[in-house]
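Scroll down for the structure; my scribbles are underneath it.
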Amino acid sequence: MLSSGYGWTPQTYSMGKHVDMVYNVTTLLSFIVPRYAFFGLAFLMVAFALCDAFYCARLFKAGEIHQIGPIKALRFMVAVVVTTLFSSVMKWLLIPFDCLISGESNYSAFFHGEGAPCTPLAFPEILTTVPTIILVILYVLFALTVAFFSLGTNPLSCAPHVQFTGRVEALFILTKVCSTFLPFLSEFLTPVAISTILLALCGAVWYRHLCVMPFHSIATNMLRGGIYFSMLWLSLSSVLVSTLATLEVGSEHARQTMQWLLVGCTPVAFPVGIFMVWRRRNTLSFFIDRLRGEFETHSTTVAGAVERDAGKNSSNLATRARDMDENDGEKGTSTSHSEESNAAWRTVGTVGAVSKPRGALQHFFNPSWERKRAFASAQDALTTIRTLLMRRSVAELPFLRYMVSRAIDEHPDSLELQVLNVSLLRFVFTQTSESSQAEKKLRNSHATLAVDHEYVLYAVERKAAQDYAA
């Protein structure tokens with residue numbers, strides 16, 4: 001992100017490289033092994049990960065899931081080449097093209113000797129650069145796919161890396177890919193345009209992370225928040241630096257001093273991002289406590305209505321029992337027990353329920369509806385529900401069910417809410433029949449679903465099949 005393609009000076013770029021620990025390690029190792037050895041290492045690592053992913057896909061398709069070795073190897077390779085070293089591996093793969101944007105190394109000189117021009121697409125360089133381009137494209141698609149499906153289907157998972165959705169992670173991977181390739185467009189676009197594109201991507205990642213809070217662990221959300229806000233600060237600084245350089249505002253010494261100042265503020269941006277995620281979490285907790293008062297009022301009203309209905313049913317049953325006692329005592333006793341059981345089931349079913357979901361027609365003809373809504377958007381409802389669930393309190397389950405019902409009532413067209421409702425009914429509330437009915441209703445109302453939503457429903461079906469087999 002400190003490349004000269006974004007408007008930074010070579011001095012700033014050189015300083016940024018030496019802050020990168022991976023770059024320092026590879027620089028020291030380059031005194032022992034050639035730098036192109038890292039290109040070969042990255043090529044082999046990515047090729048092995050892609051082949052292993054293809055092999056695991058064939059195993060799953062054939063139903064041979066008992067072979068754990070390839071799956072463990074794939075998990076390890078994903079953790080290395082996608083989660084941890086994605087940017088470094090990508091840079092190693094692009095070593096043959098480094099001479100196009102910097103004078104550090106010339107891949108053509110490896111074949112034609114020192115002083116040769118940078119021609120990575122000439123012969124014989126093309127024999128390695130074309131396969132590298134194909135591998136890079138496959139690597140990017142693989143990383144985006146892995147990130148998109150990095151969500152946890154079980155909302156009760158407590159591992160630090162488990163996510164509610166992989167869409168934010170996929171956007172983060174896409175941002176890292178663009179930050180790597182955008183400097184190659186410096187011959188066609190100005191640094192201001194390139195920096196603006198990067199700023200838009202970093203802003204989108206930060207905004208989505210703050211809205212969704214995708215990780216189940218608040219500590220991981222705060223850590224990622226610090227990283228994303230630091231990226232946003234650097235991209236914003238790139239726009240400022242490139243704009244001032246284009247307009248030639250101030251002297252070179254003044255612009256260089258400003259660059260040192262902007263880069264020096266990056267460590268400050270990290271705790272600021274952490275603080276903003278923490279404040280977002282506190283805001284959600286405050287909203288949950290405020291909504292709890294409405295839930296208690298709702299529960300009291302429902303309990304009173306159930307008691308009145310139970311009283312009426314009891315008097316009716318007593319009268320009916322006396323009438324039937326004269327004819328058949330046993331039949332009256334059986335009927336009384338059945339009615340009391342039904343009344344008890346109705347009481348349990350209404351603990352966390354709200355009114356019947358309303359449609360657009362009812363919302364349109366109710367001018368006060370917007371003021372009565374608890375959740376401004378479906379995304380706010382999703383994040384609030386997950387925040388309450390992560391408190392991990394059994395006593396909160398009735399309140400949690402009330403929030404889910406109210407969210408669906410206020411946003412009945414949200415697919416994310418309906419999918420979350422299906423998974424909560426299956427894994428949290430353990431309501432098998434209600435989960436199956438909600439899933440059928442979801443599939444009947446929508447001809448096609450997003451791939452990640454289909455993935456969650458597939459996991460719910462597999463869980464149901466395992467429970468039935470057990």
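The values are calculated or read from the model by the stated rules, or taken from the named source; none is laboratory data. Predicted model, so just to flag it, every value in this text is computed and none were measured. A quick note on method: Cβ atoms are made from the backbone with ideal geometry, for glycine too, and the neighbour counts reach across all protein chains shown. Keep in mind that these areas ignore ligands, DNA and RNA; they rest on the heavy atoms of the full protein, side chains included. Shrake-Rupley method; radii C 1.70, N 1.55, O 1.52, S 1.80 Å.
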- Message: For the range 396-447, give me the residue count where each residue is open to solvent by 30 Å² or more (accessible area, probe 1.4 Å), of a type outside the set (D, E, K, R) and either outside any helix (DSSP H, G or I) or farther than 22 Å from VAL212 by Cα (or both).
- Response: 12
- Query: Taking the range 449-470 as the search range and keeping residues that are open to solvent by 90 Å² or more (accessible area, probe 1.4 Å) and farther than 13 Å from VAL419 by Cα, which one is modelled with the highest pLDDT?
  - Reply: ARG462
- Query: What is the one condition in (1) out of contact with any Leu (no Cβ under 9 Å at 6 or more places or on another chain); (2) modelled with pLDDT of 85 or more that PRO96 does not satisfy?
  - Reply: (2)
- Query: Does ILE32 fit the bill of being exposed (fewer than 13 other Cβ atoms within 10 Å of the Cβ) and over 29 Å from the mean Cα position of the chain (by Cα)?
  - Reply: yes
- If you take the residues of the range 249-277 that are in contact with a helix residue (DSSP H, G or I) (Cβ under 9 Å, 6 or more places away or on another chain) and assigned to a loop (DSSP other than H, G, I, E, B), which of them is modelled with the highest pLDDT? CYS265
- Options GLU187, GLU169: the member that is part of a helix (DSSP H, G or I) and of a type in the set (Asp, Glu): GLU169
- Test set (1) open to solvent by less than 60 Å² (accessible area, probe 1.4 Å); (2) among the β-branched types (Val, Ile, Thr); (3) within 29 Å of VAL422 (Cβ to Cβ) - THR145 fails condition number: (1)
